[in-house]
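Trainee: The structure follows.
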Amino acid sequence: MKSYRKELWFEVPTRRAFINITPKVEECLADSGVKEGLVLVNAMHITASVFINDDESGLHHDYDAWLEKLAPHEPVSQYRHNVGEDNADAHMKRQVMGREVVVAITDGRLDFGTWERIFYGEFDGRRRKRVLVKIIGE
Ligand code: ZN
């Protein structure tokens with residue numbers, strides 16, 4: 001069995017953003033040489049997500065508006081977590097959007113459903129953060 005590990009680094013200049021990381025995961029898959037197996041992609045921070053959905057800007061705007069309704073950033077004093085920090089909303093947004101995805105690898109390609117793409121969701125940006133890509137298979 002082959003095993004491959006890589007960390008992808010991000011420094012998002014805004015507090016929140018959604019980034020299509022599918023091409024980066026496809027590069028990892030090509031480097032791994034795995035033709036049949038699984039890829040795990042997970043955020044290595046508790047204020048960021050990795051999720052699968054459509055690469056459609058309207059939907060991403062809708063996600064951002066929906067998450068702001070669920071867990072508004074302001075006022076930061078509404079959260080008990082925000083003693084000496086201001087990112088309680090980011091922890092909650094990450095919880096809703098998820099930590100990781102697993103995608104099947106078939107014939108050397110990501111075996112997606114129609115329109116599926118992998119995204120990094122940043123909820124407390126403006127600092128360097130990591131995503132882990134782990135690939136196993138043959
Ligand atoms: Zn925090």
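Only the coordinates and a few stated rules stand behind these numbers; no lab work does. Treat the numbers as computed from the prediction; the structure is a model and nothing was measured. FYI the Cβ positions are ideal-geometry reconstructions off the backbone, even for glycines, and counts take in every protein chain you see.
Trainee: I need the phi-derived Karplus couplings for segment 71-76: 6.51 cos²θ - 1.76 cosθ + 1.60, θ = phi - 60°, integer Hz, Gly and Pro marked x.
Mentor: 9, x, 5, 9, x, 5
Trainee: Let me have the 222 nm mean residue ellipticity of the chain computed from DSSP H runs of 4+ only, each contributing -39500 (n - 2.57), with the sum over all residues rounded to the nearest 500.
Mentor: Taken over the chain, the calculation gives -8000 deg cm²/dmol.
Trainee: Filter the chymotrypsin sites (Phe, Trp or Tyr not before Pro) in segment 41-138 down to the DSSP loop ones having no more than 15 other Cβ atoms within 10 Å, then list what survives.
Mentor: PHE112, TRP115
Trainee: Then there is this: Cα-Cα pairs above 14 Å in segment 66-138: how many percent?
Mentor: More than 14 Å apart: 69 percent of the Cα pairs in segment 66-138.
Trainee: Taking 8 Å as the Cα distance limit and 6 or more residues as the minimum spacing, I'd like the relative contact order of segment 73-138 as a percentage.
Mentor: It comes to 25 percent, rounded to a whole number.
Trainee: Any chance you could give the angle, 0 to 90 degrees and rounded to 10, that helix 88-97 forms with the longest Cα principal axis of the chain?
Mentor: 40
Trainee: Counting other beta carbons within 10 Å of each Cβ, put GLU56, GLU68 in order, fewest first.
Mentor: By the 10 Å Cβ count, ascending, the order reads GLU56, GLU68.
Trainee: Give the cross-link partners of LYS69 among the aspartates and glutamates, using a straight C-alpha distance below 16 Å as the criterion and excluding same-chain residues fewer than 8 apart.
Mentor: Qualifying aspartates and glutamates at Cα under 16 Å: ASP89.
Trainee: Separation between the SER77 and GLU36 pseudo-spin-labels, each 7 Å from Cα along Cα→Cβ, expressed in nm?
Mentor: About 6.2 nm separates the two model spin labels.
Trainee: Compute the acute angle (0 to 90°) between the alpha-carbon long axis of helix 57-70 and the principal axis of greatest extent of the alpha-carbon atoms of the chain; round to the nearest 10°.
Mentor: Between helix and principal axis, roughly 50 degrees.
Trainee: State which entries of LYS24/LYS134; LYS6/LYS129; LYS6/LYS93; LYS6/LYS35; LYS35/LYS129 exceed 19 angstrom in Cα-Cα distance in the structure shown.
Mentor: Long pairs (Cα-Cα over 19 Å): LYS6/LYS93; LYS35/LYS129.
Trainee: Evaluate 2.2 N^0.38 Å with N set to the residue count of the chain, then give the Cα radius of gyration divided by it.
Mentor: It is 1.12.
Trainee: What list of ³J(HN,Hα) values in whole Hz, one per residue of segment 3-16 in order, does the Karplus curve 6.51 cos²θ - 1.76 cosθ + 1.60 (θ = phi - 60°) give from phi, with Gly and Pro shown as x?
Mentor: 9, 9, 9, 8, 9, 9, 10, 9, 9, 7, x, 10, 5, 10
Trainee: Mean-square fluctuation check for the chain, GNM, Cα pairs under 10 Å: which of VAL96, VAL41, VAL25 is largest?
Mentor: Top of the fluctuation ranking is VAL96.
Trainee: Still on this structure: Would you mind computing, in nm to one decimal, how far apart the modelled labels at SER3 and ARG109 are, each placed 7 Å from Cα along Cα→Cβ?
Mentor: With each label point 7 Å from Cα toward Cβ, the separation is 2.9 nm.
Trainee: Here is a further query. Taking K and R as +1 and D and E as -1, what net charge do the other residues with C-beta under 12 Å from the C-beta of ALA104 add up to?
Mentor: Here the count lands on -2.
Trainee: Then there's this: Can you tell me the alpha carbon radius of gyration of segment 37-92 divided by the globular rule-of-thumb value 2.2 N^0.38 Å?
Mentor: Compactness ratio reported: 1.39.
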